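As structure tokens, the structure follows; a few thoughts come after it.
The values are calculated or read from the model by the stated rules, or taken from the named source; none is laboratory data. As the structure is a prediction and not an experimental result, all values here were calculated from the model. Cβ placement follows ideal geometry from the backbone for every residue including glycine, while neighbour counts extend to all protein chains displayed.
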Amino acid sequence: MVMRRLVLALTALFLLSACIGVTMDDNDPKDSKPEPTARSSSDGVEVWDLTGQPSAKAFGISDETNDGTYETKTARSVRFKLPGGRTIDTQATLVSFYRAGSGSDAHFTVGIRTAQLEPGPLVTAFRDVLTQLDVPTDPADTLAAKIDAAPDDQTERISVGSDAVTLGDLKLSAQAGLAPVAGSGRVIVGGSWSDD
């Protein structure tokens, strides 16, 4: 069940990456989202503490919605504190949390998306995330090889994923993808908390 949610979260983020989203401004008075208690700031870095119990309050999800989405037009420095003392530092345009169900039956997922990156920086960013997750970096080599082998006018998307890693109750994995004809792509990290 957890793996299914993880796959669904990553799939949803990949679909979102092809869309132009609405940019949210946390300082906009019309934005009535509650302030997420898991988010703070340190030396200009947006910090998300994912070591605690997932909750609507932690992720700024109001009673009227199922998601807390924090998106900017340009990439910003974001740090994710993970269970077990690990962190992910990246340049993200989107941090999104989703709640399925309610009350004690609620389940949460997280998604992180970078800005559009050209092939070289995309491979580097993917390798960096894999290293921080402490999973094999072979998928970054596979991505680089597939990009090099693809014709520049290829419209079919190249997508490569990583092994999943479980940190406490949080299961995470990363994917990177691009359509060569577009000349850029994104790194996406997705995760879900187990029911246990």
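Can you go through Thr51, Thr37, Thr23, Thr109 and tell me which one is modelled with pLDDT of 95 or more, among the polar types (S, T, N, Q) and within 27 Å of Gly177 (Cβ to Cβ)?
Only one candidate passes the filter, namely Thr109.
When you check Ser104 against the structure, is it among the small types (Gly, Ala, Ser) and at pLDDT below 95, yes or no? Spell out the reasoning first.
Working: among the small types (Gly, Ala, Ser): yes; at pLDDT below 95: yes.
Answer is yes for this residue.
From (1) of a type in the set (Asp, Glu); (2) part of a loop (DSSP other than H, G, I, E, B); (3) under 26 Å from Asp134 (Cβ atoms), pick out the condition that doesn't hold for Asp63.
Unmet for Asp63, out of (1) of a type in the set (Asp, Glu); (2) part of a loop (DSSP other than H, G, I, E, B); (3) under 26 Å from Asp134 (Cβ atoms): (3).
Kindly list, by first and then second residue, each pair from a residue in segment 40-61 that is of a type in the set (Ser, Thr, Tyr) to a residue that is crowded, with 20+ Cβ neighbours inside 10 Å and modelled with pLDDT of 95 or more, limited to pairs with Cβ atoms under 8 Å and residues at least 6 apart or on different chains.
As it stands, the answer is Thr51/Leu82; Ser55/Phe108, since those pairs meet every condition given.
Mind checking which pairs have a first residue in segment 107-120 that is of a type in the set (Phe, Trp, Tyr) and a second that is assigned to a helix (DSSP H, G or I), Cβ under 9 Å, 6 or more apart or different chains?
Qualifying pairs under 9 Å: Phe108/Ala56; Phe108/Ala58; Phe108/Phe59.
So, restricting to strands (runs of 3 or more DSSP E) that lie completely within segment 77-173, which ones have at least 1 residues that are surrounded by 14 or more Cβ atoms within 10 Å (Cβ to Cβ), charged (D, E, K, R) and in contact with a Phe, Trp or Tyr (Cβ under 7 Å, 6 or more places away or on another chain)?
Those strands (runs of 3 or more DSSP E) span 87-100.
Looking at segment 176-186, which of its residues are buried (at least 23 other Cβ atoms within 10 Å of the Cβ) and of a type outside the set (A, V, I, L, M)? Give the steps one after another, and end with the answer.
We begin by selecting, within segment 176-186, every residue buried (at least 23 other Cβ atoms within 10 Å of the Cβ); these are 176, 178, 185-186.
Gly185, Arg186 - these are the residues of segment 176-186 that are buried (at least 23 other Cβ atoms within 10 Å of the Cβ) and of a type outside the set (A, V, I, L, M).
Can you find a residue in segment 141-158 that is farther than 30 Å from Thr65 by Cα and touching a Lys or Arg at 6+ places or on another chain (Cβ under 7 Å)?
Going through segment 141-158, the residues farther than 30 Å from Thr65 by Cα turn out to be 141-158.
Then drop every residue that is not touching a Lys or Arg at 6+ places or on another chain (Cβ under 7 Å), which leaves 158.
Taking every residue of segment 141-158 in turn, at least one turns out to be farther than 30 Å from Thr65 by Cα and touching a Lys or Arg at 6+ places or on another chain (Cβ under 7 Å).
Do any residues in segment 122-143 that are within 12 Å of Gly177 (Cα to Cα) have Cβ atoms under 6 Å from those of residues that are part of a loop (DSSP other than H, G, I, E, B) and among the hydroxyl-bearing types (Ser, Thr, Tyr), where the two are at least six apart or on different chains, and which pairs are they?
Pro139/Ser162
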